[in-house]
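The values are calculated or read from the model by the stated rules, or taken from the named source; none is laboratory data. This is a predicted model, so every value here is computed, not measured. Methodologically, a virtual Cβ is constructed for each residue, glycine included, from the backbone with ideal geometry; neighbour enumeration extends over all protein chains shown.
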Amino acid sequence: MIDYKALMVQAQKAREKSYSPYSHFRVGAALLTKSGKVFTGCNIENAGYSATNCAERTAIFKAVSEGEREFEALAIIGGKEGETADFCAPCGVCRQVISEFCGNDFKIVLGNEEKFEIYKLGDLLPFSLTNKDLN
Ligand code: THU
């Protein structure tokens with residue numbers, strides 16, 4: 001059984017590291033691998049706005065660069081600086097990046113430590129572009 005609440009708590013801890021001096025919108029993510037490890041990430045903004053990296057992609061890139069490619073679930077928590085995080089939907093680019101490594105049943109946990117919902121990637125991103133489309 002996946003401990004989704006514990007994963008959300010790790011996402012919240014990662015949110016504390018958010019570097020978001022431009023938007024003041026702080027996001028944390030925690031990615032559970034099939035081998036049981038957790039990789040966390042936060043959003044990292046940049047004065048050239050488009051160079052910003054979302055929390056989800058930070059976590060995924062950390063994991064993949066450490067040799068992990070099989071994932072079970074991803075918890076995401078975000079909200080305005082100084083406010084209790086409520087619900088933060090992953091952006092389209094992050095959904096596409098998740099779909100590179102995860103199938104339609106991959107679990108995405110959205111909300112905060114007190115209240116969260118579990119979604120399937122296939123519901124959040126139907127018709128994603130996959131390697132099959134490139135053949
Ligand atoms: N952001 C994330 O890190 N993840 C999301 O799912 C939504 C948006 C970041 C990007 C930017 O630093 C800030 O939140 C505002 O969009």
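At-a-glance table
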{"item": "Filter result for residue 9 (β-branched (Val, Ile, Thr), more than 9 Å from the ligand (Cβ to nearest atom) and more than 28 Å from residue 126 (Cβ to Cβ))", "result": "yes"}
{"item": "Single residue of region 19-39 satisfying the filter (under 15 Å from residue 77 (Cα atoms) and near the ligand (Cβ under 8 Å from one of its atoms)) that is nearest to the chain's Cα centre (by Cα)", "result": "29"}
{"item": "Matching residues, region 1-23, being of a type in the set (Lys, Arg) and either surrounded by fewer than 12 Cβ atoms within 10 Å (Cβ to Cβ) or part of a loop (DSSP other than H, G, I, E, B) (or both)", "result": "17"}
{"item": "Residue in region 40-52 that is in contact (Cβ under 8 Å) with a residue 40 or more places away in the chain and surrounded by 24 or more Cβ atoms within 10 Å (Cβ to Cβ) present", "result": "no"}
{"item": "Selection count where residues are farther than 17 Å from residue 92 by Cα and buried (at least 23 other Cβ atoms within 10 Å of the Cβ), scope region 24-39", "result": "5"}
{"item": "Qualifying helices (runs of 4 or more DSSP H) (wholly inside region 24-135; at least 1 residues being over 18 Å from residue 2 (Cα atoms) and either at pLDDT below 95 or aromatic (Phe, Trp, Tyr) (or both))", "result": "55-65, 92-101"}
{"item": "Odd one out for residue 63, checked against (1) of a type in the set (A, V, I, L, M, F, W, C); (2) within 15 Å of the ligand (Cβ to nearest atom); (3) out of contact with any helix residue (DSSP H, G or I) (no Cβ under 6 Å at 6 or more places or on another chain)", "result": "(2)"}
{"item": "Flag if residue 75 is within 18 Å of residue 38 (Cβ to Cβ) and within 15 Å of the ligand (Cβ to nearest atom)", "result": "yes"}
